[in-house]
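Notes to accompany the following structure.
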Amino acid sequence: MDKDDRLDEKTQKRLDHLSKGWEDGSSYLDNLTVADLRLMLEHFKPMRALIRNIAGGKLRHREEKWDMQADCAMPDQIEKATVQVQRLEAELAQAQKACRRATDERDNLAKINQELARKLDDLHSRHRESNQNASVVTALRCNSVLLECLGITLPEDDSAALIISVAVLSQRDNLVRLWDLLRDRSNDELRPIHEQERELLETALTWLNHNWKRLPYRLEEPMVGASFDFEHHQRAASTATGERIRAVFLPSLCATDGAPLRKALVQTE
């Protein structure tokens, strides 16, 4: 700030303070006195230049020009921004609606798929059961010894023959009798039961268990290589000694509590 020789030291110091506040943008209006205002009007060049510009219309012209540009530009920008926001909101709403539809369709397809899978499993189960039942009837027809021992006479009609087979083999005593017959055959022929014989035994066991909610009977097959246990195993006629199971001829027939109704027929070594 240039010094003014016309001012005393105190007045010059006050002017310096006011000038600094002007440059820093400090707020000192609360303490501004009439003497301060006069001092600045007379000796502070920036204020005097500002007053001259205002008097000459320069500042007003620039402000009017700025206001005019703002007045013209801002509404247009706001309108464009508003339109854009509305468009984005509409697109978001459509996307959310499409997402909900896709989710509903996915859930519906999942339910349909589960239902179809359940029906398919049911059909497979019925198909397996039908094949198994037909196989049992065929096995019995081909085995006159078993039919005679079990006291079964099968008619030519397969449906009627199946009904008779179920009625006989679903009884506990007849299941045990069937197991005994298969054991005797294994001992006589020195071999494990055939696959068809095992299927016959397993089917008869399934029919028997259908009579209870809890499955009271099961077949239990020991592990080859396990130790021979007199409580649960019996040796086949082909092996009178041996402490290790070499082969399983016939699985044991057990009740739910684990007590064997018939011990497993095994070959030992």
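The values are calculated or read from the model by the stated rules, or taken from the named source; none is laboratory data. Owing to the predicted nature of the structure, the values given are computational and were not obtained by experimental measurement. When we count neighbours, we look across all protein chains shown, and the Cβ atoms used for this are built from the backbone with ideal geometry, even at glycine. Just the protein is used for accessible areas: all its heavy atoms, side chains included, with ligands, DNA and RNA removed. Shrake-Rupley method; radii C 1.70, N 1.55, O 1.52, S 1.80 Å.
Details
- Global geometry of region 171-224, whether rounded, prolate or oblate, following the gyration tensor of its Cα atoms and the 1.5 cut on a/c: prolate
- With the charge dipole of the chain set up from +1 on Lys and Arg Cβ and -1 on Asp and Glu Cβ about the Cα centre, the Cα lying farthest toward the positive end among the listed residues HIS124, SER170, LEU140 is that of HIS124.
- Accessible area of the chain belonging to carbon and sulfur atoms, whole % at 1.4 Å probe: 53
- Residue ranking by accessible heavy-atom surface, 1.4 Å probe, largest first, among MET40, MET47 comes out as MET47, MET40.
- Restricting region 192-269 to trypsin sites (Lys or Arg not before Pro) in coil, as DSSP defines it, with at most 15 other Cβ within 10 Å: LYS213, ARG214
- Rh (Kirkwood; distinct C-alpha pairs) - region 71-152, Å: 19.4
- GNM on the chain, alpha-carbon springs under 10 angstrom: the most fluctuating residue among GLY21, GLY258, GLY225 is GLY21.
- Loop-located GluC sites (Glu not before Pro) in region 207-258 whose Cβ has at most 13 other Cβ within 10 Å (DSSP): GLU231, GLU243
- Nearest-ten-degree value, helix 195-209 long axis tilted from longest Cα axis of the chain: 70
- Stretch in the chain that is longest and holds no chymotrypsin sites (Phe, Trp or Tyr not before Pro) that DSSP places in a loop and that have at most 16 other beta carbons within 10 Å: 29-211
- Over the chain: helical MRE at 222 nm, DSSP H runs n ≥ 4 each giving -39500 (n - 2.57), nearest 500: -22500 deg cm²/dmol
- Largest first, the residues GLU199, GLU9 sort by 1.4 Å accessible area into GLU9, GLU199.
- The chain - charge dipole about Cα centre, Lys and Arg +1 at Cβ, Asp and Glu -1, debye rounded to 20: 740
- Lys, Arg +1 and Asp, Glu -1 on Cβ, resulting dipole of region 74-214 about Cα centre, debye, nearest 20: 480
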